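The values are calculated or read from the model by the stated rules, or taken from the named source; none is laboratory data. Because the structure is predicted, anything quoted here is derived from the model rather than measured. In this analysis, Cβ positions are derived from the backbone assuming ideal geometry, glycine residues included, and neighbour counts consider all displayed protein chains. When the accessible area is computed, the model is the full protein with side chains, heavy atoms only, and any ligands, DNA or RNA have been set aside. Shrake-Rupley method; radii C 1.70, N 1.55, O 1.52, S 1.80 Å.
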Amino acid sequence: MIHRKDRQKRHMSSFKMIILGFMGVILAGALLLMLPIASKEGKMTPFPDTLFTATSAVCVTGLAVKDTGSYWSQFGQAVILALIQIGGLGVVTIAVSIAMLSGRKISLMQRSTMQDAISAPKVGGIVRLTRFILKGTFLVELSGAMLLLPVFFKDYGAEGIWMAFFHSISAFCNAGFDLLGKNGNLYPSLTAYADNPLLNVTIMGLIVIGGIGFLTWDDIHTRKFRIRQYSMQSKVILLTSSILILVPAVFFYFTDFAGMSRKERLLASLFQSVTTRTAGFNTENLSAMSGASKAVMVGLMMIGGAPGSTAGGLKTTTFAVLLASTFATFRQREDTQLFRRRIEREALKNAAALLIMYLFLVLAGGIIISECENLSITECLYETASAVGTVGLTLGITPGLGVFSKGILIVLMFLGRVGGLTLVYAVLPERKTIYAKLPLEKINIG
């Protein structure tokens, strides 16, 4: 039996490894993007801009200070895509995968680190789960590229092959980077394809699959349609994700896009709802949306995706636990429950702490940027919520920000991707469990 203190040290080391791994990849990516070969003009890009771009790519956010399609060369785009893939799967997952492919034995320390990286409930089966994640990722991204290929090949010819794969990986990893920008039309995202059902549905499907988490994949793959046998965490993620897609879509339908046909309005509402929590693509002009819709989007961006997924943010499980706790309080119940399973106080405390942490980061970051840049607080809060949630949606202010404001967004993107609790546990002398110990099952918070 592993001594308690040794076990805590091992877990502390895993959290530090996750953080240092992300930092290392970001720095390497920033240095590569500084090379003249990375830009189409063949000139060196300033380090603050490459650091921002690399952080946004590794943290699968999508905020950009240089238009990806018009500024970066194919080499630069390939670097960004590699950073997106590493960030989406996770630095630790990539490292363990390389070790597996090289035939090396996976140590207990590596298994433990992998467990923390993908929010797995136990160390056992980590190698099998890693293989499953890699195979699933390759299959989903390849399928997405094949579906997008006819759309891009029709408009861009042979270049459309690269664009199909780039946007498939970017969508699956919930990154939101696009290659459709041109001089005179920068940062367009997918607005040119707002009325294309195939592209819209494919991108939305990739976003949702990437955002529900690898453990949920495993549940669906293992238990198929026997939903009652799913773990409580998978049930919570699937139900919460469905609600957070459908309810905002209905809201957007009735508050925005009035000049469209019913079909186009439905597609636009659904796409903006799906992309808001995780991805960062957009098919409509976000600045033209109503103030109420922008406020809803800020909330959705803060919630983010599922734990152990390619998405960031507060996490759907944290939101579900907070909501269940609120209902329990209203009904004067002592215990908080989800799917007839009791949520222990440890999970409630972690969820409340995360909520306060994310609210503080969004508000503090937004206020500071607003004062430094003399911009509307609404625009700045939208930007900081997008950074913390690793979403990447913007009202267009990011490229014009000063170095200090960009630095704030870099910090927020990093915190949003690695997870607030991961950073806290990495620097604290003692690690607390981040799992709610429920009867028979567990649920991950943050």
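Inside region 51-69, can you point out the residues that are assigned to a helix (DSSP H, G or I) and of a type in the set (A, V, I, L, M)? Can you show your working first?
Filtering region 51-69 down to residues assigned to a helix (DSSP H, G or I) leaves 51-58, 68-69.
Passing the criteria: L51, A54, A57, V58.
Consider only pairs whose beta carbons are under 9 Å apart and that are at least six residues apart or on different chains; among these, list those whose first residue lies in region 359-371 and is within 18 Å of T390 (Cα to Cα) and whose second residue is open to solvent by 90 Å² or more (accessible area, probe 1.4 Å).
From region 359-371, the pairs are I369/F404.
Looking at region 135-142, is at least one residue modelled with pLDDT of 65 or more, in a helix (DSSP H, G or I) and touching a Lys or Arg at 6+ places or on another chain (Cβ under 9 Å)?
Residues of region 135-142 modelled with pLDDT of 65 or more: 135-142.
From the residues that got through so far, the ones that are in a helix (DSSP H, G or I) too are 135-142.
Within this subset, residues satisfying the condition of being touching a Lys or Arg at 6+ places or on another chain (Cβ under 9 Å) are none.
No: region 135-142 contains no residue that is modelled with pLDDT of 65 or more, in a helix (DSSP H, G or I) and touching a Lys or Arg at 6+ places or on another chain (Cβ under 9 Å).
Can you name the residue in region 272-303 that is polar (S, T, N, Q) and open to solvent by 30 Å² or more (accessible area, probe 1.4 Å) and, of all such residues, is nearest to A352 (Cα to Cα)?
Of the residues in region 272-303, the ones polar (S, T, N, Q) are 272-273, 275-276, 278, 282-283, 285, 287, 290, 293.
Checking the rest, the ones that are also open to solvent by 30 Å² or more (accessible area, probe 1.4 Å) come to 285, 287, 290.
Numbers: N285: 34, S287: 32, S290: 30 Å.
Here the residue is S290.
Kindly check whether there is at least one residue in region 28-39 that is farther than 21 Å from G313 by Cα, at pLDDT below 95 and open to solvent by 30 Å² or more (accessible area, probe 1.4 Å).
no
Please go through (1) among the small types (G, A, S); (2) free of Cβ contacts under 8 Å to residues at least 60 places away in the same chain; (3) out of contact with any strand residue (DSSP E or B) (no Cβ under 8 Å at 6 or more places or on another chain); (4) open to solvent by less than 60 Å² (accessible area, probe 1.4 Å) for A328 and return the number of the only condition it doesn't satisfy.
The single condition A328 does not satisfy is (3).
Which of the residues spanning region 329-367 are of a type in the set (S, T, N, Q) and outside any helix (DSSP H, G or I)? Show your work before the answer.
At the first step, the residues of region 329-367 found to be of a type in the set (S, T, N, Q) are 329, 332, 336-337, 350.
Scanning region 329-367 gives Q332, T336, Q337.
Among the numbered criteria (1) under 25 Å from G88 (Cβ atoms); (2) open to solvent by 60 Å² or more (accessible area, probe 1.4 Å); (3) not aromatic (F, W, Y), which one does I367 miss?
Result: I367 passes all but (1).
Just checking, how many residues over region 297-350 are touching a Gly at 6+ places or on another chain (Cβ under 8 Å) and among the small types (G, A, S)?
8
Can D218 be described as under 26 Å from C59 (Cβ atoms) and among the charged types (D, E, K, R)?
Values: under 26 Å from C59 (Cβ atoms): yes; among the charged types (D, E, K, R): yes.
In short, yes.
Output the residues belonging to region 382-407 that are within 18 Å of the chain's Cα centre (by Cα) and open to solvent by 20 Å² or more (accessible area, probe 1.4 Å).
Of the residues in region 382-407, the ones within 18 Å of the chain's Cα centre (by Cα) are 382-394.
Hit for region 382-407 is T394, nothing else.
Working only within region 261-291, note down all residues that are at pLDDT below 90 and in a helix (DSSP H, G or I).
Hits for region 261-291 are R277, T278.
Looking at region 234-260, which of the residues that are among the hydroxyl-bearing types (S, T, Y) and in contact with a helix residue (DSSP H, G or I) (Cβ under 7 Å, 6 or more places away or on another chain) is modelled with the lowest pLDDT? Lay out the reasoning, then the answer.
Step one: filter region 234-260 for residues among the hydroxyl-bearing types (S, T, Y), giving 234, 240-242, 253, 255.
When the remaining residues are screened for being in contact with a helix residue (DSSP H, G or I) (Cβ under 7 Å, 6 or more places away or on another chain), the result is 234, 240-241, 253, 255.
Values: S234: 88, T240: 93, S241: 93, Y253: 96, T255: 94.
Only one residue fits best here, namely S234.
Can you give me the number of residues within region 70-111 that are modelled with pLDDT of 70 or more, outside any helix (DSSP H, G or I) and of a type in the set (A, V, I, L, M, F, W, C)?
Residues meeting the conditions: 1.
Restricting the first residue to region 246-266 and requiring it to be touching a residue at least 60 places away in the same chain (Cβ under 8 Å), which pairs with a second residue that is surrounded by 15 or more Cβ atoms within 10 Å (Cβ to Cβ) meet a Cβ separation below 8 Å and a spacing of at least six or different chains?
E264/A194; E264/F257
Return only the number of the condition from (1) farther than 26 Å from L323 by Cβ; (2) modelled with pLDDT under 90 that A353 does not satisfy.
Against the list (1) farther than 26 Å from L323 by Cβ; (2) modelled with pLDDT under 90, A353 comes up short only on (1).
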